[in-house]
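Undergrad: One structure coming up, written as structure tokens, with questions to follow.
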Amino acid sequence: MTTTGTNLDHWAERVDLAAAFRWAERLNLHEGVANHFSFAINDDGTQFLMNPNQMHFRRIKASDMLMIDANDPETMNGPNAPDPTAWGLHGGLHRHCPHARCAMHVHSPYATALAILADGVLPPVDQNAATFYNRTVVDDHYGGLAFEDEGARCAQLFDDPKKKVMVMGNHGVMVIGDTVAETFNRLYYFERACMTYILALQTGKPLRVLSDEVAEKTARELESYPEQDVRHLAELKAILDEEGSNYAN
């Protein structure tokens, strides 16, 4: 259920999620009142925070987050029930993948453009794209809105913990991680990599694709780059604070 006040459990995670929502809207990664972020709060990941049903990303605050139990069959019967596709997609993911502590699903423009190509693989055409080399799964079997059956099917595709981005064919993208900062950073750079790739395709000229060896080396180097995700989100929150945003309320 949704409650208010600064004494709520998991307050730091709520604040981080709210900041991520605000920046996703600012960067045009959002879809109006659709799309969802979640963060697991218990050991097996089946209890999680998530945005309320059909609230615009620009308005979401820390105190707005729903507390969801993926194993509670009555979840969709309550007065503060989540969006049905959020329940299907994130509920299925958190039930099946305890390693997916945080999950962010968006229909961002360039990742979605990649998702509608016949070949939805992002090649390592630059440093950002190399980040995701052999670390992305492509779903080629879109089955309609992500209600429970479709959400459960999608969750199965994250069985390899190394792969933390799913290009959801004909749909969008799902990104997972250990923290809000890590997941948002990954979402941000995946969208940037897709943008560069789509723009390069538009020239119609041959692409300069990195070798497998260099792409893997670069991916490993970026995975161990110190604190970039933490500093990224901290800077975004600092900007929101300077602007007087109410995201942390």
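The values are calculated or read from the model by the stated rules, or taken from the named source; none is laboratory data. None of these values were measured; they are calculated from a predicted model. Using ideal geometry, Cβ is built from the backbone for each residue, glycine included, and neighbour counts are taken over all protein chains shown.
Undergrad: I'd like the residue in the range 12-51 that is closer than 21 Å to L240 by Cα, surrounded by fewer than 19 Cβ atoms within 10 Å (Cβ to Cβ) and modelled with pLDDT of 95 or more and, out of all such residues, is farthest from the chain's Cα centre (by Cα).
TA: A12
Undergrad: Here's another thing I want to ask about it. Yes or no: A219 among the small types (G, A, S), over 20 Å from H107 (Cβ atoms) and crowded, with 16+ Cβ neighbours inside 10 Å? Write out each step before concluding.
TA: Numbers: among the small types (G, A, S): yes; over 20 Å from H107 (Cβ atoms): yes; crowded, with 16+ Cβ neighbours inside 10 Å: yes.
When the stated conditions are applied, A219 passes them.
Undergrad: Restricting to the range 229-249, name every residue that is farther than 22 Å from D64 by Cβ and of a type outside the set (D, E).
TA: V230, R231, H232, listed by residue number.
Undergrad: Now for a separate question. When the range 145-169 is examined, which residues are found to be in contact with a helix residue (DSSP H, G or I) (Cβ under 6 Å, 6 or more places away or on another chain) and part of a loop (DSSP other than H, G, I, E, B)?
TA: Answer for the range 145-169, where residues must be in contact with a helix residue (DSSP H, G or I) (Cβ under 6 Å, 6 or more places away or on another chain) and part of a loop (DSSP other than H, G, I, E, B): L145, A146, F147, G169.
Every residue, every condition in (1) under 12 Å from V125 (Cα atoms); (2) without any contact (Cβ under 8 Å) to a residue 60 or more places away in the chain, yes or no:
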{"site": "E191", "(1), (2)": "no, no"}
{"site": "C194", "(1), (2)": "yes, no"}
{"site": "I198", "(1), (2)": "yes, no"}
{"site": "V209", "(1), (2)": "yes, no"}
{"site": "E216", "(1), (2)": "no, no"}
{"site": "S224", "(1), (2)": "no, yes"}
{"site": "R231", "(1), (2)": "no, yes"}
{"site": "A238", "(1), (2)": "no, yes"}
{"site": "D241", "(1), (2)": "no, yes"}
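Undergrad: For the range 173-201, how many residues are within 15 Å of the chain's Cα centre (by Cα), among the small types (G, A, S) and either part of a loop (DSSP other than H, G, I, E, B) or surrounded by fewer than 23 Cβ atoms within 10 Å (Cβ to Cβ) (or both)?
TA: Of the residues in the range 173-201, 1 are within 15 Å of the chain's Cα centre (by Cα), among the small types (G, A, S) and either part of a loop (DSSP other than H, G, I, E, B) or surrounded by fewer than 23 Cβ atoms within 10 Å (Cβ to Cβ) (or both).
Undergrad: Still on this model: When you look at P124, is it part of a loop (DSSP other than H, G, I, E, B) and under 22 Å from A70 (Cα atoms), yes or no? Walk me through how you get there before you give the answer.
TA: Values: part of a loop (DSSP other than H, G, I, E, B): yes; under 22 Å from A70 (Cα atoms): no.
Taking the combined requirement at face value, the residue does not satisfy it.
Undergrad: Please work out if C154 is of a type outside the set (K, R), crowded, with 16+ Cβ neighbours inside 10 Å and at pLDDT below 95. Explain how you work it out, then say what you get.
TA: Details: of a type outside the set (K, R): yes; crowded, with 16+ Cβ neighbours inside 10 Å: yes; at pLDDT below 95: yes.
Answer is yes for this residue.
Undergrad: Of all residues in the range 204-244 being at pLDDT 95 or above and among the hydroxyl-bearing types (S, T, Y), which is nearest to A20 (Cα to Cα)?
TA: Residue satisfying both the conditions and the ranking: T218.
Undergrad: Which residues, taken from the range 222-244, are more than 22 Å from the chain's Cα centre (by Cα) and either part of a helix (DSSP H, G or I) or surrounded by 14 or more Cβ atoms within 10 Å (Cβ to Cβ) (or both)? Full working, then the answer.
TA: From the range 222-244, those more than 22 Å from the chain's Cα centre (by Cα) are 241-244; that's our starting set.
Across the range 222-244, the qualifying residues are D241, E242.
Undergrad: Please enumerate the residues belonging to the range 141-167 that are of a type in the set (A, V, I, L, M, F, W, C) and either out of contact with any His (no Cβ under 8 Å at 6 or more places or on another chain) or over 15 Å from T183 (Cα atoms) (or both). So that I can check it myself, show each step before the final result.
TA: If we filter the range 141-167 for residues that are of a type in the set (A, V, I, L, M, F, W, C), which is where we start, we get 145-147, 152, 154-155, 157-158, 165-167.
Within the range 141-167, L145, A146, F147, A152, C154, A155, L157, V165, M166, V167 qualify.
Undergrad: Within the group A100, A115, A86, A111, which residue is buried (at least 19 other Cβ atoms within 10 Å of the Cβ), within 22 Å of F21 (Cβ to Cβ), small (G, A, S) and modelled with pLDDT under 95? Lay out the reasoning, then the answer.
TA: Values: A100 fails: modelled with pLDDT under 95; A115 fails: modelled with pLDDT under 95; A111 fails: modelled with pLDDT under 95.
The conditions single out A86.
Undergrad: Given the options S63, S38, name the one that is polar (S, T, N, Q) and in contact with a Cys (Cβ under 8 Å, 6 or more places away or on another chain). I'd like the intermediate steps shown before the answer.
TA: On the way: S63 fails: in contact with a Cys (Cβ under 8 Å, 6 or more places away or on another chain).
Answer to the check: S38.
Undergrad: Checking M1 against (1) under 19 Å from A234 (Cα atoms); (2) among the aliphatic types (A, V, I, L, M); (3) at pLDDT below 95, which test does it fail?
TA: Among (1) under 19 Å from A234 (Cα atoms); (2) among the aliphatic types (A, V, I, L, M); (3) at pLDDT below 95, M1 violates only (1).
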